[in-house]
Amino acid sequence: MKLIRTSKQLTVTYFSIVAFAIIAFHFSMLESMIENMESIYAKTRMDKDIATATQMFQGTTLTHVSVPPFSEAYLGKQNLPSWVVLEDDVSDDKPYHIDSDSDTDLEFFSMLKKVTINGQVRNLYLIHYDEIYETSEAKMFDTQTIQLALSLLLLVVSLWVVMRISSRLTAPLSSLSKNLASRSPEDFVPIPIPDGAATREIYQLVDHLNGYQNQIRSLIDRERAFNRNASHELRTPLMVMRGGLTLLGKSDSKEFIERQRVRMIHACQEMEDYITTLLSLTRDEDPENLSFREVTEAELNLICRAHTDYQPKSSVVLEILAQGVVHTKLPVAALHILIGNLVKNALACTEEGLIQLIMLDNEIKVVDTGCGLDGKPHGESYGLGLMIVRDICAKYRCEFSLVNNDDVGCTATVLFPLEQEV
């Protein structure tokens, strides 16, 4: 299993890498600066000493002269002291440290230059050592070492500060993680803001977690409601089919048989509409790809007739009023379930009186004179049917409302979006 590091471990690791890189860069810059300064100083001083030595060799047969205070000049490599060993790849006019095989512990510089002495071109070798500069260089290095030590101390203090900040920033996440781990699957209480330095990101995370938790709770509630009420929605057409089959064996009348056949066809159609609608609600279907169609009064009559056959009530009058035109993208099955559930709900809540199915411009209302939202219906209502109504409206961007009337009963309203609004 791959090792997962904590935030503190990652902080220490990354900070250590950055700190090491800073120290290495600082040290290399120090070394490069000292070397460059030394080379520039040696080149400038040795150029001056070579010019002085050239003048001293003119008109003499000398092969070695001293150029006070720090240089010695030699004509020809063979005249160099035996303890001096030069680098193999020396070039003219550039200072070089003498080879490490030389018999000395001091940092001597050498430089080769071709000069004209007494009319002849000769190789002049200059050996240079500046004790004062080397002492100053050592002191400068000591000073830089102290600065490096102070930098290390500053990095340690910075690491401590970063660790404290990291601990304060990660403490709310750790607290939130423990809170989530201790919760039971049935616990949907809102998650509190954890203690500590809660940042804006922590507030956003908790808010999104609570929103996601509410979605899960809604899905679970819907699933429980579906399991509790699904049989109620499909039981009526099944009972109609079973009753029709039973009655078919008790009469030979063609009219009676035809009437039972029509009832079973309507029951089968309703079951098919329910199944189609429930499946469509679970599919990722884009309503934008659907085309508008017009809802007809005959379609509303068909819906109402199917439900009055299931719940015949002589004391209830179901009236259809077509006072406008509705254009919708709802499929036929979804619209039948939507309006059918509202009609069935009104029939279940109304023992006597009037139920009106009113079609206005892009609006359908079901107005009843029943028990209202505060009363207890005598039939099947306020179950999965209204949940499906809300789901259908949400998917196809319709507005649904259910309110009490001023006197008796309630009004269910479905407002369909206009064509230019979709």
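Since every read-out is calculated from the coordinates, none of them should be taken as a lab result. Please read these numbers as outputs of a predicted model, since none were measured by experiment. Quick reminder, even Gly has a Cβ in these numbers, built from the backbone with ideal geometry, and neighbours come from all protein chains shown.
Measuring from a point 7 Å past the Cα of residue 405 along Cα-to-C-beta, which residues in the range 346-372 have an amide N at less than 17 Å? Counting backbone N atoms under 17 Å from the label point, the list is 346-360, 364-372. Annotation for residue 178 and residue 156: the two label points, set 7 Å from Cα along the Cα-Cβ direction, are 3.2 nm apart.
For the pair residue 361 and residue 79 in one chain, pulling the backbone fully straight at 0.36 nm per residue adds 89.8 nm over the alpha carbon distance.
Both radii come from the Cα set of the range 7-94: Rg as radius of gyration, Rh as Kirkwood radius; their ratio Rg/Rh reads 1.33. Between residue 58 and residue 22, the FRET efficiency from the beta-carbon distance, with R0 = 51 Å, is close to 0.40.
In sequence order, the range 399-413 has phi-based couplings of 9, 10, 9, 9, 9, 6, 7, 5, 9, 9, x, 9, 10, 9, 10 Hz under the Karplus curve 6.51 cos²θ - 1.76 cosθ + 1.60, θ = phi - 60°, and Gly or Pro positions carry x.
Given 0.36 nm per residue, what is the gain on full extension from residue 149 to residue 104 after removing their alpha carbon distance, in nm? Walk me through the numbers on the way to the answer.
Values: separation 45, 0.36 × 45 = 16.20 nm, distance 3.16 nm.
Here the answer is 13.0 nm.
Entry note, the range 12-96: relative contact order of 22 percent, from Cα contacts under 8 Å with a spacing of 6+ residues. Amide H contacts of residue 108 (H built 1.01 Å from N, in plane; Pro and chain starts excluded): 98 sit under 5 Å, all sequence-distant by 5 or more or on other chains. Legend: calculated FRET efficiency, residue 216 to residue 288, from the Cβ-Cβ distance at R0 = 35 Å, rounded to 0.05, equals 0.80. For residue 363, the amide hydrogen comes within under 5 Å of the amide hydrogens of 416, counting only partners 5 or more places away or on other chains and with H modelled in the peptide plane. Taken one residue at a time, the phi angles of the range 15-23 give Karplus couplings (6.51, -1.76, 1.60, θ = phi - 60°) of 5, 5, 4, 5, 5, 4, 5, 5, 5 Hz. Gly and Pro are set to x. On full extension, the segment bounded by residue 90 and residue 201 gains 33.6 nm, given 0.36 nm per residue less the C-alpha separation. The HN-Hα couplings worked out from phi for the range 104-121 by the Karplus form 6.51 cos²θ - 1.76 cosθ + 1.60 (θ = phi - 60°) are 6, 9, 8, 8, 7, 9, 10, 8, 9, 8, 7, 10, 9, 10, 6, x, 10, 7 Hz, whole numbers, x standing for Gly and Pro.
Which peptide among 257-266, 70-79 comes first, and what is the full order, when sorted by highest mean count of other Cβ atoms within 10 Å? Walk me through the numbers on the way to the answer.
On the way: 257-266: 15.2, 70-79: 17.2.
Order by mean packing, descending: 70-79, 257-266.
Around the amide H of residue 85, modelled in the peptide plane, lie the amide H atoms of 99, 102, 103, all under 5 Å away and 5 or more residues distant in sequence or on another chain.
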